[in-house]
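So that we are looking at the same thing, I have put the structure below in structure tokens.
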């Protein structure tokens, strides 16, 4: 074994995220969005006290946040069974979690009272953001492969 030589290919290129894991990943990510949204709808004061005590309590803004988060969660859950939705749902989820993460870093340690919305919360959101990248790339690769196959089929059949 020669540890001094350059590898024949990059490690990550040889070990991409396998598409067979996309369905369970979409389910898990969908639940990470849908469950907090349901908590907000069912017990908004509890959610505000334990998770989101930023500024004054506002039931309308909490409801808006729940609506958007639930919508993303439903799209991710649906994409687990409806493959054509996967890349778009994962991209929407990635964007939402990314901006949520940035917002938490901006407001780090700005929560009221003794909530868990501190540096640890921002770090966990950062990890979730990074975790979404691999399945998103896999879904985009799979979609590109399907599109290429479809275009080749259309070219062969003469249907442009």
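Yes/no matrix, rows are residues, columns are (1) surrounded by 14 or more Cβ atoms within 10 Å (Cβ to Cβ); (2) in contact with a strand residue (DSSP E or B) (Cβ under 8 Å, 6 or more places away or on another chain); (3) part of a helix (DSSP H, G or I):
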residue: 47; (1), (2), (3): yes, no, yes
residue: 52; (1), (2), (3): yes, no, no
residue: 55; (1), (2), (3): no, no, no
residue: 64; (1), (2), (3): no, no, yes
residue: 67; (1), (2), (3): no, no, yes
residue: 73; (1), (2), (3): yes, no, yes
residue: 77; (1), (2), (3): yes, no, yes
residue: 85; (1), (2), (3): yes, no, yes
residue: 89; (1), (2), (3): yes, no, yes
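So residue 36 passes all but one of these: (1) in a helix (DSSP H, G or I); (2) in contact (Cβ under 8 Å) with a residue 40 or more places away in the chain. Which condition number does it fail?
(2)
While we're here: Do you know which residues across the stretch 92-111 are surrounded by 15 or more Cβ atoms within 10 Å (Cβ to Cβ) and under 21 Å from residue 131 (Cβ atoms)?
Across the stretch 92-111, the qualifying residues are 92, 93, 94, 96, 97, 98, 100, 101, 104, 108.
Can you find a residue that is within 23 Å of residue 141 (Cβ to Cβ), over 14 Å from the mean Cα position of the chain (by Cα) and without any contact (Cβ under 8 Å) to a residue 40 or more places away in the chain anywhere in the stretch 61-82?
Yes: the stretch 61-82 contains one or more residues that are within 23 Å of residue 141 (Cβ to Cβ), over 14 Å from the mean Cα position of the chain (by Cα) and without any contact (Cβ under 8 Å) to a residue 40 or more places away in the chain.
Values quoted throughout were computed directly from the atomic coordinates according to the rules given, and no laboratory measurement underlies them. Given the structure is predicted, the values throughout are model-derived calculations rather than measurements. Methodologically, a virtual Cβ is constructed for each residue, glycine included, from the backbone with ideal geometry; neighbour enumeration extends over all protein chains shown.
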